[in-house]
Amino acid sequence: ATARKPIAYVRGNALAPRGRGTRIVVQVVNDRTPNWGGRGFAQAVRAAWPHVQEDFREWAHARPRDFRLGAVRIVEASKEIEVATIVAQKGYGDSVGPRIRYAALRQGLELVARHAVATGGTLHMPRIGAGHAGGSWHVVEELVRSTCLRRGLAVTVYDLPGKEPPAESPQSQLSFD
């Protein structure tokens, strides 16, 4: 059995992942548009590495059947940094319930974990799925444990300095499908 490392929680920016070697920055996007919106982490990725957003947009247009919940696109952002984009949010904008789809997130994390094992990479992310997607970080954390940590991967979760982690909402536990 592989030794389980704990998730490392740090104050910092996931766009400046700590460590050496291949660092894979993980983000969640929606299934409705390949254009990353004006708020949240995906927008910050677009601002930092515009070519990553352009590659994703071109991929989604060239392979519309692949642009669906559970899909993953991994692109080199810079030397030793890759961005893994997981399509795990159903639509975007205001919603009565959470937009995260945990089954799609699990599927995407499995693909990212396989890639990280194959490349010797480490995983770096904000609290994916728990921001604009409205999900429960407790549920997402368990998905990260069951897909990534069980393979012995190092995972670092970043909380921006001065920002409190998102509070759990009562409905954030409801959208397993």
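The values are calculated or read from the model by the stated rules, or taken from the named source; none is laboratory data. Fair warning: this is a prediction, and the values are worked out from it, not measured in the lab. With ideal geometry, Cβ positions are generated from the backbone for all residues, glycine too; neighbour counts draw on all protein chains shown. Remember, those area values only see protein heavy atoms, side chains included, never the ligands or the DNA or RNA. Shrake-Rupley method; radii C 1.70, N 1.55, O 1.52, S 1.80 Å.
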Notebook entry, point to check: If packing is taken as the mean number of other Cβ atoms within 10 Å per residue, what is the order of 69-81, 98-110, highest first?
Noted result: 98-110, 69-81
Check: Shape of the chain from its Cα gyration tensor (a ≥ b ≥ c, root eigenvalues): rounded if a/c is under 1.5, otherwise prolate when a/b > b/c, or oblate?
Finding: rounded
Check: Just how large is the dipole of the chain about the Cα centre, in debye to the nearest 20, putting +1 at every Lys and Arg Cβ and -1 at every Asp and Glu Cβ?
Finding: 300 debye
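Out of the total accessible area of the chain (probe 1.4 Å, heavy atoms of protein only), what percent is carbon and sulfur?
The C+S portion of the solvent-accessible surface of the chain is 51 percent.
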Next item on the list: Using DSSP, restrict attention to beta bridges with both residues in the chain and report what percent are antiparallel, rounded to the nearest 5.
Entry: 30 percent
Checklist line | Rel. contact order, % - alpha carbon contacts under 8 angstrom, at least six apart, the chain | finding: 32 percent
Next item on the list: Calculate, in nm to one decimal, what residue 146 and residue 164 gain on full extension: separation in residues at 0.36 nm each, minus their alpha carbon distance.
Entry: 4.0 nm
Item checked: segment 52-148: C-alpha gyration tensor shape, a/c 1.5 cut-off, then a/b vs b/c -> oblate
Next item on the list: Return the FRET efficiency for the residue pair residue 119, residue 63: r is the Cβ-Cβ distance, R0 is 30 Å, and the value is rounded to the nearest 0.05.
Entry: 0.85
Check: At residue 39 and residue 5, where each label point lies 7 Å from the Cα along Cα→Cβ, what is the point-to-point distance in nanometres?
Finding: 3.4 nm
